[in-house]
Amino acid sequence: MIKFGLNLIKITSQCKFSDIIPIKKANFMKFNPFIMRHLGVYYMLVASFYLALNAAMAKILSSQISSVEIVFLRNLISLVLMLWIFKKAKFTIGHGGKPFLLIFRGVIGSLGLLATFYNVAHIDLGAAFTFQKTAPIWTALFSAFLLGEKLNSKAWFGILIGFIGVVCIVQPHIEVHLTDIIGVFGGICAGLAYTSVRELRKYYSSNAIILSFMICAVISTSFIMLLGEFDIGGSELKFINPNIFGWVLVVLIGITGMYFQIYMTKSYAATRKAGIVAAASYSDIIFAMFFGIILGDSFPNLLTTLGIVIIILSGVIVARQK
């Protein structure tokens, strides 16, 4: 796993990042014309793979340190790497004007990330990612009620079956677990974060939004661990020094997390149809299930599989409407 990750990062790092968003088409003329026509989808597939690989390594690392510390170290390393990239490239902030919304996006996004990584450590990777992928459903609802965006009948249908998919995964008639509640909470947080990004794009550049999120994630998780040092919230929140193998995983998690942000941003910048790219983002569930099975996760039962398929379908319906 580690050797594979190192080789993957070595290959990808050969790409030039003159900026996080602008892409010169001439740099990709050597690729197949099919890839050129679907460059946004290609970028999203790469981003989804990095995200699933990131979660797989986090699952391994969770045997040594807490989910809070994993999120802290992941974003700290990604933040340092991003600052290094911005130092070498042009960095734009935008005209600004919504600082509190920017902070809200960072905090609520951090909470969603914490919820996702908690579930990554405690349940199968495929199920953890499926909960996180309910975000488009919540985003559509929040956009309709908070931003006044209109949804057509297909979007409402997608939202409805999306909740049916959540019920299939949670299976409340059997038993509702803490991870189910945390998973739904993480999806709501991600939906709020994405909704705020829709508004923030009018005031800030994507670079500034990404950077502010990482800063907020580092600050919020360091504060939580500080409480742990004073025995507030449980000793499991205290900082634990991982072994050498753990530190290798920490570095790889930080690097893959950064590349996920880069390629996800590039995917939306390289397409005129955001709905198609958003639909392609559901491939991370497939990648996550693949890595999860390699790490020993069991195959999902029939009802859980049905829930995963329904949520993917609902997300695609909602994304195409947008």
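The values are calculated or read from the model by the stated rules, or taken from the named source; none is laboratory data. Since we're looking at a predicted model, the values are computed, not measured. Using ideal geometry, Cβ is built from the backbone for each residue, glycine included, and neighbour counts are taken over all protein chains shown. These accessible areas exclude ligands, DNA and RNA; they are computed on the full protein's heavy atoms, side chains included. Shrake-Rupley method; radii C 1.70, N 1.55, O 1.52, S 1.80 Å.
List of remarks:
- Test result for VAL107, of a type in the set (A, V, I, L, M), crowded, with 20+ Cβ neighbours inside 10 Å, modelled with pLDDT of 85 or more and part of a helix (DSSP H, G or I): no
- Taking the criterion of being in contact (Cβ under 8 Å) with a residue 24 or more places away in the chain and out of contact with any helix residue (DSSP H, G or I) (no Cβ under 6 Å at 6 or more places or on another chain), the residues of segment 61-79 that qualify are ILE65, GLU69.
- Screening ALA270, ALA288 for residues that are open to solvent by less than 50 Å² (accessible area, probe 1.4 Å), in contact with a Leu (Cβ under 6 Å, 6 or more places away or on another chain) and at pLDDT below 80 leaves exactly one candidate, ALA270.
- Contacts under 9 angstrom Cβ, first residue in segment 226-246 being part of a helix (DSSP H, G or I) and open to solvent by less than 90 Å² (accessible area, probe 1.4 Å), partner among the hydroxyl-bearing types (Ser, Thr, Tyr) and modelled with pLDDT of 75 or more, 6 or more apart: GLY228/SER66; LEU237/SER66; GLY246/SER63
- Filter result for ILE293 (assigned to a helix (DSSP H, G or I) and closer than 17 Å to VAL166 by Cβ): no
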